[in-house]
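What follows is one structure encoded as structure tokens, with my remarks underneath.
The values are calculated or read from the model by the stated rules, or taken from the named source; none is laboratory data. If you're wondering where the values come from, they're calculated on a predicted model, not measured in any experiment. Positions of Cβ are generated from backbone atoms using ideal geometry, with glycine treated the same way; all protein chains shown enter the neighbour counts.
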Amino acid sequence: MYTGGYTGKILRVNLTDKIAKEEELPFDVAKDFIGGAGFGIKYLFDELRAGTDPLGPENKLIFSTGPFCGTSVPCASRIAVTGKSPLTNAVGMALSGGYFPPEIKFAGYDVLIIEGKAEKPTYLWIKDGTVHFRNASTVWGMKTTDCQQVIKNELNDQNVRIACIGPAGENLSKIACIINEMRAAGRKGLGAVMGSKNLKAIAVRGTGSVAVTSEERLKIAKGNFGKAMKESPVLYSAFSKLGTPMVVDALCALGIFPAKNFSATGEFAPVEQIGVEAQNTRNVGREHCYGCPVGCSQLRLARTGPYAGILTEGPEFETMYSFGGETGVDNIDSIIAADRLADELGLDTISAGVAIGFAMELFEKGILSSADTGGLDLHFGNHEAMVTLLRLMAYREGIGGLLSDGVKAAAQKIGKGAERYAMHVKGLELPGYDVRGAKAHGLNYATSYTGADHNRGYAFQEIFGIPIPYAVDRFAVEGKGKLTKWNQDVRMATCDCPTMCAFLLDMAVPAIATQNTADLMEAATGLTYTPEEVQKVGERINNLARAFNVREGFTRADDTLPERLLTEPLKEGASKGNFISKDDLKQMLDEYYTARNWDLNTGSPTREKLKELGLEYVAD
């Protein structure tokens, strides 16, 4: 019996048959998987057959909250969106914040599972346990902000919270995302999954609340948590005022801010143009997620040229990288404009920017011609072309149609050696860290169950010099396998499942992360864990995600990095001369698989390991 944290309910919606039904959330699922990404991966593995078409009606789109979401636990307003990724054919899982996540809980649900395909454009209207299938023909084709406003007007309630897709998702771009307000479940093409189901939006309104097991214990646990937050040297003093883009300066100093499709890292380091001081000249306010005292999301206004007057929530660091360093663009106002446009079109900013940087390098090398680009001058630094390409990708027009499914698919179609310049792992474009100067971070890219995803096992030890669980040399190889396992398992269990903002792990609670989660879980839900058991939950889910991918045909050979990172040393900057050689990668993978008790040849979890984790049915 649930006493707090959970509603104990799953809402399953079949769009084909227009049937919505409630199901009980099994108690053992809550105990073993906590919530968020854990629930999403559990139901995805259990309910999808191998070989399911990611854009077919058999794929599931799973929205799952965590037990802290909707309670008074700070920084817990997050939701995991899970499905089979059309970009990678692997597990697709993306997280989003804002106010949509707790609204799902207030409406009465821990999990929303969407299956089937609507006959015509549809949006769901969920209010306190009632579900309506509504005609979305009016909002089909709209950008995301307009879509949300029109639906609120139609429902005569400005407090409705909405997750929707833009034109990119409607046109099944495999780099399309899902937007709620101006927050994105950004990566792995889940917006295309939503579009393939003819589902334009999910509107939710809940008037309920989320109980906790013990208010007294929760007050104590939150007190310890809040103390760690206040003692952080950067959380309130810098991060809340600057947000993630403050990392631009730090990564340029480390020589790992990627530039010009990873061809000029350390050479092109535009701190003066797009770093903290430049960002501060565009700040006009900040936004908070529900129940968050930090408020890291910055509102920035473009002030010059054709972009003047455009406002965006961001750009976050990864967008400063993808529309800045990656493309060789140092015009901050164009980056602000591109960020807003990508949100309105429903494009993942990381994959979109990397696709543009990829096309720019091919153009400069003569692999793409002006005839191929429709006359667009795609030299690095051309911000007008960058903004134009976003529209072309969302609407699958011209060269945009080639890039709208990501760099792996584009390179295969282009040929002429283009594959060498496609910066991806398992089909997912690389985030904003040149891992030639941060090798655990690189091993995480290679092994993450979603592909190149910095958030699945972020190596804050290398990026920020935090000596937890121990100090590391970012250029060293030894020990990085064990460290990556720790990063992935702890992040999964303490952030992606409860659901907690991952920035807290990096900046406030790394030393007490698992204990903090255990204390909050007991107070909020009544479920008891030791810190070791918390970490074991993360290990269980990472093994289940790996098993899903193995079932889809992924092997050790897919745990690799782009050729450029394996063969080309960095030419300039503080990481000059470094790269991850193929021998380095082999050594790290061997150590990682050994630490995980996975088969060294195939990269598959062993029966012994799965049985230990209570996943014997997965081995069967």
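Things worth noting here:
- Every residue from the range 307-335 that is of a type outside the set (D, E, K, R) and over 15 Å from Val248 (Cα atoms): Tyr307, Ala308, Gly309, Ile310, Leu311, Thr312, Ser334
- The range 270-298, residues that are within 15 Å of Met182 (Cβ to Cβ), surrounded by 20 or more Cβ atoms within 10 Å (Cβ to Cβ) and in contact with a strand residue (DSSP E or B) (Cβ under 7 Å, 6 or more places away or on another chain): Ser297, Gln298
- Residue within the range 95-108 that is more than 21 Å from Asn159 (Cβ to Cβ) and either of a type in the set (A, V, I, L, M) or within 17 Å of the chain's Cα centre (by Cα) (or both) present: yes
- Residue in the range 549-568 that is among the polar types (S, T, N, Q), over 26 Å from Phe39 (Cα atoms) and either touching a residue at least 12 places away in the same chain (Cβ under 8 Å) or touching a Leu at 6+ places or on another chain (Cβ under 6 Å) (or both) present: yes
- Thr528 passes every criterion in (1) in the same structural domain as Lys439 (by TED's automatic domain parsing); (2) farther than 24 Å from Asn455 by Cα; (3) in contact (Cβ under 8 Å) with a residue 40 or more places away in the chain apart from (3).
- Put simply, of Lys9, Lys21 the only residue that is among the charged types (D, E, K, R), over 25 Å from Ser85 (Cβ atoms), modelled with pLDDT of 95 or more and out of contact with any Phe, Trp or Tyr (no Cβ under 7 Å at 6 or more places or on another chain) is Lys21.
- Residue within the range 322-330 that is closer than 15 Å to Ala185 by Cβ and among the polar types (S, T, N, Q) present: no
- Leu504 meets the stated requirement of being in a helix (DSSP H, G or I), in contact with a helix residue (DSSP H, G or I) (Cβ under 8 Å, 6 or more places away or on another chain) and farther than 24 Å from Ala574 by Cα.
- For the range 235-268, taking the residues that are among the aliphatic types (A, V, I, L, M) and in a loop (DSSP other than H, G, I, E, B), the one that is farthest from Ala355 (Cα to Cα) is identified as Ile256.
- Residue match in the range 384-391 (condition: modelled with pLDDT of 95 or more, among the basic types (Lys, Arg) and over 28 Å from the mean Cα position of the chain (by Cα)): no
- For the range 299-342, filtered to residues that are under 19 Å from Gly400 (Cα atoms) and in contact with a strand residue (DSSP E or B) (Cβ under 6 Å, 6 or more places away or on another chain), the residue that is surrounded by the fewest Cβ atoms within 10 Å (Cβ to Cβ) is Arg340.
Each row is one residue, and each column tells you yes or no for (1) farther than 19 Å from Leu15 by Cβ; (2) of a type in the set (Phe, Trp, Tyr); (3) touching a residue at least 60 places away in the same chain (Cβ under 8 Å).
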position	(1), (2), (3)
Pro102	yes, no, yes
Tyr109	no, yes, yes
Thr138	no, no, no
Thr144	yes, no, yes
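- Neighbours by Cβ (under 8 Å, 6+ apart or cross-chain): first from the range 396-408, over 15 Å from Ile367 (Cα atoms) and surrounded by fewer than 24 Cβ atoms within 10 Å (Cβ to Cβ); second of a type in the set (Val, Ile, Thr) and at pLDDT 95 or above: Gly398/Thr373
- All of (1) of a type in the set (Lys, Arg); (2) over 23 Å from the mean Cα position of the chain (by Cα); (3) crowded, with 23+ Cβ neighbours inside 10 Å hold for Lys439 with one exception: (2).
- Considering (1) assigned to a loop (DSSP other than H, G, I, E, B); (2) in contact with a strand residue (DSSP E or B) (Cβ under 7 Å, 6 or more places away or on another chain); (3) buried (at least 20 other Cβ atoms within 10 Å of the Cβ), the lone condition that Thr7 does not fulfil carries the number (2).
- Ala185 being assigned by TED's automatic domain parsing to the domain that holds Cys69, modelled with pLDDT of 95 or more, farther than 23 Å from Ser64 by Cα and crowded, with 24+ Cβ neighbours inside 10 Å: no
- If the condition is being assigned to a helix (DSSP H, G or I), in contact (Cβ under 8 Å) with a residue 60 or more places away in the chain and of a type outside the set (A, V, I, L, M, F, W, C), then the range 325-352 contributes Gly325, Asp343, Glu344, Thr349, Ser351.
- Subset of the range 460-501 that is in a helix (DSSP H, G or I) and among the aromatic types (Phe, Trp, Tyr) - its residue that is surrounded by the fewest Cβ atoms within 10 Å (Cβ to Cβ): Phe460
- Restricting the range 603-620 to residues that are out of contact with any Lys or Arg (no Cβ under 6 Å at 6 or more places or on another chain) and not in a helix (DSSP H, G or I), the residue that is modelled with the lowest pLDDT: Asp620
- If you filter the range 22-35 down to residues that are within 17 Å of Glu533 (Cα to Cα) and touching a residue at least 40 places away in the same chain (Cβ under 8 Å), you find that the one that is surrounded by the most Cβ atoms within 10 Å (Cβ to Cβ) is Ile34.
- Inter-residue pairs, beta-carbon under 9 Å, first over 30 Å from Thr494 (Cα atoms) and in the range 48-67, second hydroxyl-bearing (Ser, Thr, Tyr) and assigned to a loop (DSSP other than H, G, I, E, B), 6+ apart: Pro57/Thr16; Glu58/Thr52
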